[in-house]
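Below: one structure, written as structure tokens.
The values are calculated or read from the model by the stated rules, or taken from the named source; none is laboratory data. All values reported here derive from a predicted model rather than from experimental measurement. Note that we place each Cβ from the backbone using ideal geometry, even for glycine, and neighbour counts take in every protein chain shown. With ligands, DNA and RNA removed, areas are computed over all heavy atoms of the protein, side chains included. Shrake-Rupley method; radii C 1.70, N 1.55, O 1.52, S 1.80 Å.
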Protein chains: 2
Amino acid sequence: MRIDIHGHYTTAPPQLDAFRGRQVTDINKPRKRPMKISDDEIAESLRPNFAAMDERNIDLVLFSPRASGMGHDFGDARTSKYWTEVNNDLIARVCSMYPRRFAPVCQLPQSPLSPPEDWLPELARCVSDLGFVGCNINPDISGGLQPFTPSLADRYWYPLWEMMTELDVPGMIHASSTHNPAFHLNGSHYIAWDYGATIELCASSVFDDFPTLKLIVPHGGGGVPYQFNRHRALHVAQKDRPFEEAIRLLFFDTSLYDPDSLRMLLTKVGSRNVMFGTEMFGTAKGIDPQTGHGFDDVGWMLDQDPALTESEREAIFAANALAVFPRLKTWLEP
Amino acid sequence: MRIDIHGHYTTAPPQLDAFRGRQVTDINKPRKRPMKISDDEIAESLRPNFAAMDERNIDLVLFSPRASGMGHDFGDARTSKYWTEVNNDLIARVCSMYPRRFAPVCQLPQSPLSPPEDWLPELARCVSDLGFVGCNINPDISGGLQPFTPSLADRYWYPLWEMMTELDVPGMIHASSTHNPAFHLNGSHYIAWDYGATIELCASSVFDDFPTLKLIVPHGGGGVPYQFNRHRALHVAQKDRPFEEAIRLLFFDTSLYDPDSLRMLLTKVGSRNVMFGTEMFGTAKGIDPQTGHGFDDVGWMLDQDPALTESEREAIFAANALAVFPRLKTWLEP
């Protein structure tokens, strides 16, 4: 079985972005306008996903709203709440239309002036009422503007960690849009925040205080495995727990697109902490002229990695995901 | 011969930071207070550097002011100008005391509201009057606040590129302090900006417009080699020149501290584009308990890399630096 833990609904019908477009107009008095999308439109929008999943033997994708679209910096807490509900409801609908191919992961109604306590009702609604198996967490709520979002090491986040452990849902740390013109949104900005998040969490007491909390860093951990000894050195200097131990408190996905880098990730953090994820269709859409494979077709790279045992491979492709996302089992029950 | 292209004066006597401290008081009327440091104090401050250089067979270090200390976000253009002059003068003094062990690299009087034109007199003074061989360039002048610094791809930077090519000095892209609490200053913030800078420059027309411009990304290019195919995919999608070609328009150093990562850097960007650099003493000070070597002792990792030919090794240790920093030859002339 192959579970891709990192998919966003990047092919959603235009009615979704149209809802967002009207939020610009409604900025002073946010309201929840109706959004009409037919089942046929949803089916049509997912045709390329099904084709790629079938071709690549991907049984199930953990499916969440478009990451760059979350845009928590835009508008106020109500703007974010309505947008989040519309997105999560659409994901719920897609996943209940195709429950064997997609399992739902939600975004949160984060907003620069709204504390984590305010996001909890939507998390509870998604998980308890709609069967969502995980959530995405934006570590940069204001998109690089002030007020800055506190470090993930900060107690600011504790109400969220508390409810996540209570509900037994993991979270993927995933940035959204940025105002900073010196970064490429999904090229360098996402990676910068993957990296920053990993470093903050590794030097924190978050996992001492929440031993069962499960946080996932996408894109193979940004650039952290490549800079591994930089952080081993810092942890020695700062008298933190050894970095090589700290990093194994986190989970990582394989949306990394390069056999050498996948090997480096697996060597540095171990196969128990890595889950198959491709972020299809996202940044690495398109065919690699050097291999003829899609850039985001990661499965064959893991199939061909001679250093992986069969049981490690199975762990990466499915068993780790079933352990990290405990509610996935319930979702998949007939 | 071994030239370390990446050293900062992190052990400067406290009079330097005391000057900075008084700038806080003088914030409304910046002025250039006198700073007195004796030759003996300078000699004493460099004792650990000489010891490590001798032990590690490092002949020469390209020496610049402490990177995290540049703090271009602090105060106004005059604050930055006085601080920059004091730092550059101290570097000039250190290097003329020990011209066979240190060659000078300057910081620039960058400031959030001051355009590149305003930095040029100090660059000219350092290079033409004082013999500096290179400069450091902060891509995040305001330390993460607004006004954001334009992307390195932006024409904003062109006056600087123009003068650098005229003077034939290369520049190292190196961030300084940040206001964003979600980043670790020299752990994740520097790396984020190395990464962002590489991505912006690779997708730009900077090197079409300035074919002789030489820019160096420290810390092995942040995490870019590890995310190589992410950017190959983006360059295909954006119809930019192939990423694997674009990245060879830049130069990188080896302040990376890990044999696996050094190999990845050399494989992805080629040995012609890599220069020995350790950022001693900086982030990776301290002894690696796994190897018994200093974390920032990179030389033995390159010595022991079986994939390197002797001429590639010589290029990385010295020849590339002499080519990229043409004024180094003049500096070293008797």
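Annotations for the structure displayed:
- Modelled label positions at B:Gln15 and B:Ser128, each set 7 Å beyond Cα in the direction of Cβ, lie 3.0 nm from each other.
- For the range A:245-326, pairs of C-alpha atoms spaced more than 22 angstrom apart make up 23 percent of the total.
- Point-to-point label distance, A:Thr291-B:Ala323, nm (Cα→Cβ direction, 7 Å offset): 3.1 nm
- Once the 1.4 Å probe is applied to the protein heavy atoms, the protein assembly as shown comes out at 36 Å² accessible per residue.
- Taking amide H as placed 1.01 Å from N in the peptide plane, the amide H of B:Met172 sits under 5 Å from that of B:Cys135, B:Asn136, B:Ile137, B:Ile216, each at least 5 places away or on another chain.
- Amide H contacts of B:Phe63 (H built 1.01 Å from N, under 5 Å, at least 5 apart or other chain): B:Ala103, B:Val105
- Among beta bridges that DSSP assigns inside the protein assembly as shown, antiparallel share in %, nearest 5: 10 percent
- Stokes-Einstein D for the range A:59-100, Kirkwood Rh over Cα pairs, 4 °C, 1.567 mPa s (µm²/s): 115 µm²/s
- For the range A:81-214: rounded, prolate or oblate by the Cα gyration tensor [a/c cutoff 1.5]: oblate
- Under Karplus coefficients 6.51, -1.76 and 1.60, residue-wise ³J(HN,Hα) of the range B:294-309 in Hz, glycine/proline x: x, 4, 8, 8, 8, x, 5, 5, 6, 4, 9, 6, x, 7, 8, 7
- Pseudo-label separations to other copies for B:Asp209 - Cα-to-Cβ vector, 7 Å, nm: 4.8
- For A:Ala237, the label point sits 7 Å beyond Cα toward Cβ; its separations from the matching points on the remaining copies run 3.6 nm, from shortest to longest.
- Stretchable slack from A:Ala43 to A:Tyr156, in nm (0.36 nm times residue separation minus alpha-carbon distance): 36.7 nm
- Here the accessible area of chain B is 53 percent carbon and sulfur, with a 1.4 angstrom probe and all protein chains present.
- For B:Lys29, label point 7 Å along C-beta direction: distances to other copies, nm: 5.4
- Assigned charges on the beta-carbon of Lys, Arg, Asp, Glu; the range B:148-214 dipole about Cα centre (debye): 240 debye
- Each Cα pair under 8 Å and six or more residues apart adds its separation to the average, and for chain A the resulting relative contact order is 18 percent.
- Cα shape, the range A:184-253, gyration tensor, a/c 1.5 rule: oblate
- Distribution of pairwise C-alpha distances over chain A, 10 Å bins, in %: 6, 27, 37, 24, 6, 1
- Global geometry of the range B:1-94, whether rounded, prolate or oblate, following the gyration tensor of its Cα atoms and the 1.5 cut on a/c: prolate
- Accessible area buried, both sides summed, chains A and B with 1.4 Å probe, Å²: 4800 Å²
- Phi-derived couplings, Karplus 6.51 cos²θ - 1.76 cosθ + 1.60 at θ = phi - 60°, listed residue by residue for the range B:111-123: 6, x, 9, 10, x, x, 3, 6, 8, 5, x, 5, 4 Hz, with x used for Gly and Pro.
- Of the residues B:Cys95, B:Phe148, B:Leu123, the one whose Cα sits farthest towards the positive end of the charge dipole of the range B:93-176 is B:Cys95 (charges of +1 on Lys and Arg Cβ, -1 on Asp and Glu Cβ, taken about the Cα centre).
- Fully extended contour minus Cα-Cα distance, from B:Glu314 to B:Asn57, at 0.36 nm per residue: 91.2 nm
- At a threshold of 50 Å², the residues of the range A:204-229 that become less accessible to a 1.4 Å probe in the full protein assembly than in their chain on its own are A:Tyr226, A:Gln227, A:Asn229.
- For the range A:162-177, 3J(HN,Hα) per residue [Karplus equation, 6.51 cos²θ - 1.76 cosθ + 1.60, θ = phi - 60°, Hz, x = Gly/Pro]: 4, 6, 4, 6, 4, 7, 6, 10, x, x, 9, 6, 8, 5, 10, 6
- Among chain A residues, the one whose Cβ is nearest the axis of the rotation from A to B, given with its distance rounded to whole Å, is A:Gly223, 1.
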